[in-house]
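The values are calculated or read from the model by the stated rules, or taken from the named source; none is laboratory data. For clarity, every value in this text was computed on a predicted model and none was experimentally measured. Note that we place each Cβ from the backbone using ideal geometry, even for glycine, and neighbour counts take in every protein chain shown. Please note that ligands, DNA and RNA were not included when accessible areas were found on the heavy atoms of the full protein model with its side chains. Shrake-Rupley method; radii C 1.70, N 1.55, O 1.52, S 1.80 Å.
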Amino acid sequence: MIPTQNRRILTFTAVYPCESVSITTLIDSLIKIAGEILSFKSKHFSTNKRSVKETLRHVLNLLIVFQEIRVGLIPADRSFPRSAILSLSELHVIFQKLMILLEECTREGGKLYMLTNSDQISAHFRVLTRSISTCLDTFPVGSIELPEEVKELIYLLIRQTRKYEARPDRDDKRALDSVYWIFNLFENRINPNRDEVVRVLDHVGVRKWRDCVKEIGFLGEEITVEGKDKNEIELLSSLMGFICYCRCVILGGIDEDEDKGEEEEDDLVIRGLNVDDLRCPISLEIMNDPVVLETGHTYDRSSIAKWFSAGNITCPKTGKNLESTVLVGNVSVKQVIQSYFKKEIDQKKKKTSIPESLAAEEAGKLISDFLAGELINGGPKEMVKALVEIRILTKTTSFNRSRLVEAGVVESLMKLLRPGDPTIQENAMAAILNLSKDIAGKVRIGGSGGGLEMIVEVLNEGARRESRQHAAAAIFYLSSLGDYSRSIGEIPDSIPGLLRIVKGCDYGDSPKRNALIAIRSLLIQHSDNHWRVLAAGAVSVLLDLVRSGEIGDGVKADSIAVLAKIAEYPDGMISVLRRGGLKLAVKVLGSSEVSPVTKQHCVVLLLNLCVNGGSDVVGALAKDPSVMGSLYTALSNGECGGGRKASALIKMIHEFQERKTETGLERERFIHAW
């Protein structure tokens, strides 16, 4: 199951104090929580400011009462009426709920949404305040020794809280009316009055670019919460469109470094993965904590622990008796599972972040038109701001990408890839990368004169390493179109540029993997790229990389996958064999430190070498005593779809050995006949 977001706002869960709680403990807890409530005085409230002010005043008066009661509890063994304890316990529950309500009203990123819930929030303040009156009504004031002024304060609190009428602030109503009026303008694709938008933002306390980012994050999470009806989802979507418009169009600058993240996302890491390979063979559920037995098989820790506790000291999959039940965490598989879940959650968010309201949809078009204009007519500062916004928008949804493509940003972005300001080039290249994920973006990028050549130029000569990394990832996405794959391959510096990233010491695993996957895509999409990859010296680079031991398992897997693709052709097979690829593949296949995915690619590489190399290669492979054991392990695991390839390779070795045996027998018969 994929984890889901089930948080609900404006719901109150409080814990009633234990019946046996001492009065001293109860009063101390009330004093503490009252102090925490009063700390909200310094915080900004986007709604119900008057109600908050009144509530904090009541809590301050109650704190005075609690402190006086605490003083009167010395000595501590002094008796205290049971009815008073019950009344104070009820107040403790009310204070807990008040804390939750105040936390919700000041929740990071939830300011605009709380404004739309101002009526509901007012009702909560009214109910909780009147509940204070009910509790104080039952408090035995006359049975407790308190100063007269404190008793008068209690009676005053009862009167004030009993008649309390919390209503939405007028300013809240004006701001909310403005929000709905702006929604109406969006629906008619009209830009709202800037001053009116700023008044709304000032009212809720959204004054900086980063504040908008937090609001968008909160709204995005709320949309994914299960159980919301269509109207609420439409409201959240409209609010998302509004605050995104504010961030891109209204606020003039980026107040702090934006979280660029990794444009080369985890979908590249787990591309082609079979989800069944992540399931525990015992529970058949996706594993939470994968561990490896001495047999090399992976199970979920909880499932295999139950297997052992039931008295089974065997490997469930092979039935082999185990000498040790020590469980070793399978880090590589766990990383793949985490990447898988992250991708699933991100896809769910992206799916639900497609505009669910007309206001949000039309706001997106207004934003795209504005940003496209800034790239053409804006000054240097405005251009950088627009590039950052485009980079962020293109990273989120296909809707944003398609709107920006329609607005004509691709042509402007391609011009900004030329040498100049490194920041402009990096952000433009990142945006191109994101736009290259959709077919409309691919077509526009490749259709702009010299677009592919410009990306290859950035790949080789980009001012920043990040720009070159983004170019490599963009080539992967663009190469999925056969014609583009051929065109990219024909550019002289494309494949050598990718290989420079692969072997570059200053590049991490993620950019190396992007470059490797791009090379593999070029090989898959167009056969002419095969000789170009060979001519660029890819075989030596990749074999040296695998031998180095200084790379992660993912880079190793991708390197072997490219080698396997190269070995599909006779000249590629010869190149791999001449450089020791056969022996290296056998070594990696037998290693306990690599993932099942890496072993799958090793099996494919060995199979391709044998198919193209014939009996000489099969014979060399058959001489290694460790090979058959590794292949049978791969066959029994069946992990990542490698079982069929392993079976085919085992069959080839068996047939070679049978022919060799038959030849030997015939020779013996011939000698005997003589």
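Whole number please: convex hull volume per residue, Cα atoms of region 431-521, in Å³.
Expressed per residue, the convex hull around the Cα atoms of region 431-521 is 82 Å³.
Roughly how many Å is it from the Cα centre of region 398-419 to that of region 43-103, as a whole number?
Cα centres, region 398-419 to region 43-103: 57 Å.
With the Cα gyration tensor of region 53-192 in hand, convert its eigenvalues to equivalent ellipsoid semi-axes via √(5λ) and list them largest first in whole Å.
Rounded to whole Å, the semi-axes are 42, 14, 11.
With r defined as the distance between the Cβ atoms of residue 199 and residue 38 and R0 fixed at 35 Å, what FRET efficiency is calculated, to the nearest 0.05?
0.75
For the cross-link pairs 214/334; 442/565; 163/208, which exceed 28 Å when the distance is taken from alpha carbon to alpha carbon?
Violating the 28 Å limit, Cα to Cα: 214/334; 163/208.
Using Cα pairs under 8 angstrom and six or more residues apart, how large is the relative contact order of region 479-621, in percent?
21
With the other protein chains left in place, how much accessible area per residue, in square angstrom, belongs to region 140-227 at a 1.4 angstrom probe?
Roughly 54 Å² per residue, with all protein chains present.
Take the cross-link list 395/437; 415/512; 503/599; 320/556 and give me the ones stretching past 20 Å between alpha-carbons.
415/512; 503/599; 320/556
If ligands, DNA and RNA are left out, what is the accessible area of residue 383 with a 1.4 Å probe, given in Å² to the nearest 10?
Its accessible surface works out to 30 Å², give or take rounding.
Mind giving me the nanometre distance, one decimal, between the label points for residue 423 and residue 15, set 7 Å out from Cα along Cα→Cβ?
4.9
I'd like the FRET efficiency for residue 399 and residue 632, computed as 1/(1 + (r/R0)^6) with the beta carbon distance as r and R0 of 56 Å, rounded to 0.05.
About 0.65, to the nearest 0.05.
I need the helices of the chain that pass two filters: whole DSSP H segments spanning 18 Å or more by Cα along the axis, and mean Kyte-Doolittle score no lower than 0.5.
23-38, 82-105, 230-245, 358-377, 422-435, 553-566, 596-622
Kindly report, to the nearest 10 Å², the accessible surface of residue 226 as traced by a 1.4 Å probe over protein heavy atoms only.
In the full protein context, residue 226 sits at about 100 Å².
Using Rg and Dmax of the Cα atoms in Å as the read-out, say which of (i) 26.9, 90; (ii) 33.9, 130; (iii) 29.8, 107 was calculated from these coordinates.
Read-out taken from this structure: (ii).
Tell me, what is the 1.4 Å probe accessible area of residue 174, in Å² to the nearest 10?
140
Would you kindly state how much longer the chain becomes between residue 163 and residue 540 on full extension, computed as 0.36 nm times their sequence separation minus their alpha carbon distance, in nm to one decimal?
Going from the current span to full extension adds 127.3 nm.
How long are the semi-axes of the equivalent ellipsoid of region 539-624, taking √(5λ) for every eigenvalue λ of the Cα gyration tensor, in whole Å from largest down?
Here the semi-axes work out to 19, 14, 11 Å.
Of 395, 173, which has the most accessible area and how do the rest follow, probe 1.4 Å?
Output order, biggest surface exposure first: 173, 395.
Per 0.36 nm of contour for each residue apart, how much would the distance between residue 86 and residue 24 grow if the chain were fully extended, relative to their Cα-Cα spacing?
So the extension gain works out to 21.0 nm.
So how far, in whole Å, is the C-alpha centre of region 464-539 from the one of region 120-176?
69
So for 66, 656, 370, what's the accessible-area order with a 1.4 Å probe, most first?
So, going from the largest accessible area down, we get 370, 656, 66.
Expected output is a single nm value to one decimal: the length gained when fully extending between residue 130 and residue 188, i.e. 0.36 nm times separation in residues minus the C-alpha distance. What is it?
16.4 nm
I need the calculated FRET efficiency for the pair residue 620 and residue 548, taking r as the beta carbon distance and R₀ as 22 Å, to the nearest 0.05.
For residue 620 and residue 548, the calculated efficiency is 0.35.
Between residue 120 and residue 382, what is the spin-label point distance in nm, taking each point 7 Å from the Cα along the Cα→C-beta axis?
For the pair residue 120/residue 382, the computed spacing is 4.0 nm.
Lysines near residue 228 by alpha-carbon distance under 16 Å, same-chain residues fewer than 8 away left out - which ones?
Straight-line reach from residue 228, under 16 Å: 348, 349, 351.
Once both labels are modelled 7 Å past Cα along the beta-carbon direction, what's the residue 282-residue 406 spacing in nm?
5.4
Could you tell me the distance between the Cα centroids of region 298-344 and region 567-595, to the nearest Å?
29
How would 62, 176 line up by accessible area, probe 1.4 Å, largest first?
176, 62
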